[in-house]
Amino acid sequence: MVDFKWFPGFRVFVVLHVLSIISFQKITIAQDEKAVLLYTSTEIEIRDGKMISSYSFDLLINDRSADYLSKVVVPYSKLEKLNSLEASLHRSDGSLIRKLTRKEIVDKNDISNSSLYEDQFCKVFTLRNSTFPYRVKWSYITETSEFVTICNWIPVINSEIPTQKAKLRIITPDDYKLRIKSSGISDSSIVCIDHCTVQEWECSFHNVYAEESFQEDNVENMPRVWAVPLKFHYDRDGRADGWKEFGGWVNELNYQLHWLPETEKLYVASVIENNSSRKEQIRKLFYYVQDKTRYVNLTIETGGKKPLPANYVAEKGYGDCKALTIYLKALLQEAGIPGYYTLLKAGIVNKDIDDLFVANQFNHAILMVPLESDSLWLDCTSNYPLSYTGSFIQNRYALVVGDSGGSIARIPALSKQQVWKYRKGTIELSASGPAEIKLQISTGGEEAERIRYICKKPGYNGKIKALTDFVNIPSFVNDSLQIVEFNRDSERNEIVFFGKSNTLVQFYGSELVLPLIPLEPGFFAAPTERTTRMKLPFPVCLTDTISFIIPEGYQAAGLPGPRSEKSESGIYEISFTSKGDEILLARHFEVKAGVYSHDDYENLYSFIMLVRRIESASTITFSKL
């Protein structure tokens, strides 16, 4: 047995050797991925009314497919100042290649596609190496005295990039109260030091997955810490004890923003004089805002949470969702009609807000106008009809703000009747040429919204192609189309397509075979291919009435029998009827809206696979006379 003498130098050697082995193993494992966030830390300190946030990142890029990650964007604003920024390029073992120089940093406005100007900025730089793997390290510090949220910490670059280690530290005075919500955290601690409370969290993220269709929440499976102060200052003091208090702060933020120029008051007076019905007055003023204004993403003054005043929108003719909502509210107020500023988390498949966690969870503003029988939810950034609740805001919680504070309400869901899609047409089949197609499509819901947008977009050269994509018939070539003029108050759109398809029928010897034209959307992947829950934000509902003209010189060699299938998640019905030289296809397909857990999705997918098998077997064969 050899007795090692633990003299100091040998002990240091052994410790460093063990650490180098561990580090080598981690890097080797990390190199199996295209990129890995090896380490990230965030430290947030509340001191003297200011929030000082320090961020650091160590990113390993293993191959060219992740080279885009070498471009780093660091956001800041007039309210959240950027105090320092450092970055460097390293080999995979951590040895320095070079440091970022000041001339490599580009200052930009963080401008979205629909913005005219913003007070959001970013510094952009790229540190790229010609050989792989390599590491990019960067760190920066921001400071602000105006904030509503401490952090919504999700230490993940995206769902396909693992995070090896992440740390969050929040330092507050010991009497500073926070509301905290966390998930996916492996370790946490809290200590009190020198009249300060120090809270720490550690985690990693290894269950990587690709983005999935109709994914309920893009951070569903990621570690997260959300911290908000119960008392805060943003333009003015506010509280987050409950939604009533938080809504009270929003209401005060909007105080004295409703003044209108005399020309606007005169217009409102004319609307009242010529329209006795309150709903008609609302309709006129809502459409007036739609016609007069343009949506842009403005984030000035208090960084985007405080709206611009109504007279600004009246003069300039544009504003963001908050400003346009205030403008409409001011017009209705002038007419003696109450309207309530309303905040929500918009998006077709976004996860709803947590109504039990009082925090600024919102990204959109609309106006709620109560009526005797119902309420109107008016999105001033849209071109929707008055009584239509769009797919972007339907079926979710919202914070309705009034003089007495805030309260949570539920925006109604789009109904099955509103999203129903009808296809009616005639397809004249031929053994010697393409099939001649006339197809009338009537759509509602989100698809009608897209068609309305395409039709109204000025100078859009791709309009015909974009509309033709709604046909969904193999190899369809559009000859012409007729857009049925829709009334402004109509929720539905109707287009008649005239075109051809060369591949609709297929030859098998002397026979012709007609497969069914596609029915259900192709976003139902196998359960083994999904990691997240699926959220269908509104029902899928399609009805087909298609007449197939039998090719000249042929006859139908029998027709598939009718089928009717029902499950907890959907309905499917199909039948064929022969009438002279025509075959009539009647088909109906429904899938219920909702969030599908993994078990629910397996049942839904079983139903979808049954439908696909029936569809595949429901071909029509034509033989020569």
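In Å², what does the accessible area per residue of the chain work out to with a 1.4 Å probe?
Ligands and nucleic acids excluded, the result is 49 Å² per residue.
What whole-number value in cubic angstrom gives the convex hull volume per residue for the C-alpha atoms of the stretch 417-624?
That works out to 143 Å³ per residue.
By how many nm would the segment from residue 416 to residue 488 grow when fully extended, if each residue of separation counts as 0.36 nm and the alpha-carbon distance is taken off?
23.8 nm
Using only helices, what value at 222 nm comes out for the chain when you add -39,500 (n - 2.57) per DSSP H run of length 4 or more and divide by the total residues, to the nearest 500 deg cm²/dmol?
When only DSSP H runs of four or more count, the value is -6500 deg cm²/dmol.
Testing the spin-label approximation: label points 7 Å from Cα along Cα→Cβ at residue 602 and residue 63. State their distance in nm.
Result for the modelled spin labels: 3.3 nm.
Out of all DSSP beta bridges in the chain, what portion is antiparallel? Express it as a percent rounded to 5.
90
Provide the per-residue ³J(HN,Hα) series for the stretch 152-157, in order, calculated from phi with Karplus coefficients 6.51, -1.76, 1.60 and θ = phi - 60°, each as a whole number of Hz, with x at glycine and proline positions.
Rounded to whole hertz, the list is 10, 7, 10, x, 9, 6.
Against the 2.2 N^0.38 Å scaling, with N counting residues, where does the stretch 361-438 land? I'd like the Cα-based Rg ratio to two decimal places.
Cα Rg divided by the expected 2.2 N^0.38 Å: 1.80.
Got a sec? What order do 239, 283, 423, 128 fall in by accessible area at 1.4 Å, biggest, i.e. largest, first?
Result, largest first: 128, 239, 283, 423.
Taking R0 as 51 Å, what's the FRET efficiency between residue 211 and residue 559 from their Cβ-Cβ distance, rounded to 0.05?
Calculated value: 0.75.
What are the ³J(HN,Hα) values, in whole Hz, obtained from phi via the Karplus relation 6.51 cos²θ - 1.76 cosθ + 1.60 with θ = phi - 60°, for each residue of the stretch 202-213 in sequence order, with x given for Gly and Pro?
My calculation for the stretch 202-213 gives 10, 6, 9, 9, 10, 7, 6, 7, 7, 4, 10, 5 Hz in order.
For the chain, what is the charge dipole size about the Cα centre, in debye to the nearest 20, if Lys and Arg each add +1 at the Cβ and Asp and Glu each add -1 at the Cβ?
1020
Largest first, please: the extent of the C-alpha atoms of the chain along each principal axis, to the nearest Å.
Principal extents (Cα only, largest first): 101, 85, 47 Å.
With unit charges on the beta carbons (Lys and Arg positive, Asp and Glu negative) and the dipole taken about the Cα centre of the stretch 228-363, which residue among 347, 308, 337 sits farthest to the positive side?
347
For the chain, give the percent of accessible area contributed by carbon and sulfur heavy atoms, probe 1.4 Å, rounded to a whole number.
50
Given the options 250, 221, 260, identify the residue whose Cα lies farthest towards the positive end of the charge dipole of the stretch 219-263 (+1 on Cβ of Lys, Arg; -1 on Cβ of Asp, Glu).
Among 250, 221, 260, the one farthest towards the positive end of the dipole of the stretch 219-263 is 221.
Please get the size of the charge dipole for the stretch 243-411, origin at its Cα centre, with Cβ charges of +1 on Lys and Arg and -1 on Asp and Glu, quoted in debye to the nearest 20.
With Lys and Arg at +1 and Asp and Glu at -1, about 300 debye.
Using +1 on the beta carbon of Lys and Arg, -1 on that of Asp and Glu, and nothing else charged, what's the dipole of the stretch 467-528 about the Cα centre, debye to 20?
Using Cβ point charges on Lys, Arg, Asp and Glu, the stretch 467-528 gives about 140 debye.
Relative contact order for the stretch 312-437: what is it in percent, counting Cα pairs under 8 Å that are at least 6 residues apart?
20
The values are calculated or read from the model by the stated rules, or taken from the named source; none is laboratory data. These numbers come from a predicted model, not from an experiment. Positions of Cβ are generated from backbone atoms using ideal geometry, with glycine treated the same way; all protein chains shown enter the neighbour counts. With ligands, DNA and RNA removed, areas are computed over all heavy atoms of the protein, side chains included. Shrake-Rupley method; radii C 1.70, N 1.55, O 1.52, S 1.80 Å.
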